[in-house]
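Notes for the one structure printed next.
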Amino acid sequence: GKTRVLTHRIAYLIAEKNVKPWNIIAITFTNKAAKEMKNRIENLVGTECANDIWIGTFHSMCVRILRREITKIGYNSDFVIFDTSDVRTVIKECIKELNLDDKIYSDRYLAYEFSKAKNELITVDRYANMYASDTRMSTVARAYQLYQSKLIKNNALDFDDIINNTIKIFEENADVLEVYQNKFQYILVDEYQDTNKAQDKLIMLLGDVH
């Protein structure tokens, strides 16, 4: 029912309110849902019109933005995205370099902690300050810092960085944020109740003007 509401609202905005399709962004959580949404919208407004609407997941939308804008925060536009296997490999390097006990600080555990921090928009410096007096977590903080430095060195992002770096660009470049705020005058998010802090922050930034 929710997807039907979103797709029909988009059709209504275009047909009845003369909203330009390129001023609409429709966001879902999975590629499967995004594909279904696009098919439904195409059936309602036509393929050409649907192609002018940004329809996709949080991460696919952010990748589109990052390919254009990421040089503003020190990466090259040909950055790579590390999958779960790549992330685990880098974390294992960190464990080895820091001489950590991998039974206490396993790659699975550290990957979980890093992802949790990023979903809460906690940077490596803030993380270190938060846990300065906690022996175990300050060790995690050291690993987090090393892990992030390795990603940057490899011009690589993990899955969580995709959204976080988009937010970083927006917060540090008001002119860039303004471009996307003016472009996306109608923002529709399927299953909004499932957003984490980073996803919610991204939408709040984009929707602040309209």
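The values are calculated or read from the model by the stated rules, or taken from the named source; none is laboratory data. Quick caveat: nothing in here was measured; it's all calculated off a predicted structure. For neighbour counting, all protein chains shown are included, and Cβ atoms are generated from backbone atoms with ideal geometry for every residue, glycine included. Keep in mind that these areas ignore ligands, DNA and RNA; they rest on the heavy atoms of the full protein, side chains included. Shrake-Rupley method; radii C 1.70, N 1.55, O 1.52, S 1.80 Å.
Please state which one of Arg4, Arg40, Arg9 is out of contact with any strand residue (DSSP E or B) (no Cβ under 6 Å at 6 or more places or on another chain) and crowded, with 18+ Cβ neighbours inside 10 Å.
Exactly one residue qualifies, and that residue is Arg40.
Return the pairs, sorted by first residue and then second, in which the second residue is crowded, with 19+ Cβ neighbours inside 10 Å and among the hydroxyl-bearing types (Ser, Thr, Tyr), the first residue lies in the range 124-148 and is within 16 Å of Glu97 (Cα to Cα), the beta carbons are less than 6 Å apart, and the residues are 6+ apart or on different chains.
What qualifies is Ala141/Tyr127; Tyr144/Tyr127.
What do you reckon, is Ser138 more than 30 Å from Thr71 (Cβ to Cβ), polar (S, T, N, Q) and open to solvent by less than 50 Å² (accessible area, probe 1.4 Å)?
When the stated conditions are applied, Ser138 passes them.
With respect to Phe170, is the statement that it is of a type in the set (A, V, I, L, M, F, W, C), open to solvent by 60 Å² or more (accessible area, probe 1.4 Å), closer than 24 Å to Leu66 by Cα and touching a Phe, Trp or Tyr at 6+ places or on another chain (Cβ under 9 Å) true? Give the steps one after another, and end with the answer.
Details: of a type in the set (A, V, I, L, M, F, W, C): yes; open to solvent by 60 Å² or more (accessible area, probe 1.4 Å): no; closer than 24 Å to Leu66 by Cα: yes; touching a Phe, Trp or Tyr at 6+ places or on another chain (Cβ under 9 Å): yes.
It is false that Phe170 is of a type in the set (A, V, I, L, M, F, W, C), open to solvent by 60 Å² or more (accessible area, probe 1.4 Å), closer than 24 Å to Leu66 by Cα and touching a Phe, Trp or Tyr at 6+ places or on another chain (Cβ under 9 Å).
Which fully enclosed helices (runs of 4 or more DSSP H) of the range 132-184 have 3 or more residues being over 18 Å from the mean Cα position of the chain (by Cα) and of a type in the set (A, V, I, L, M, F, W, C)? Can you show your working first?
Working: elements: 135-153, 159-172, 174-183.
Once the helices (runs of 4 or more DSSP H) in the range 132-184 are filtered for at least 3 residues that are over 18 Å from the mean Cα position of the chain (by Cα) and of a type in the set (A, V, I, L, M, F, W, C), what remains is 135-153.
Asp175 fails exactly one of the following numbered conditions: (1) under 24 Å from Thr3 (Cβ atoms); (2) without any contact (Cβ under 8 Å) to a residue 40 or more places away in the chain. What is the number of that condition?
All conditions are met except number (1).
Mind checking which pairs have a first residue in the range 76-102 that is of a type outside the set (Phe, Trp, Tyr) and a second that is open to solvent by 80 Å² or more (accessible area, probe 1.4 Å) and not in a helix (DSSP H, G or I), Cβ under 6 Å, 6 or more apart or different chains?
Ile95/Asp102
Inside the range 11-36, can you point out the residues that are touching a Leu at 6+ places or on another chain (Cβ under 7 Å) and over 22 Å from Val179 (Cβ atoms)?
Residue satisfying the conditions is Ala11 alone.
Please go through the range 17-38 and pick out each residue that is closer than 14 Å to Asp190 by Cβ and in a helix (DSSP H, G or I).
Asn31, Lys32, Ala33, Ala34, Lys35, Glu36, Met37, Lys38
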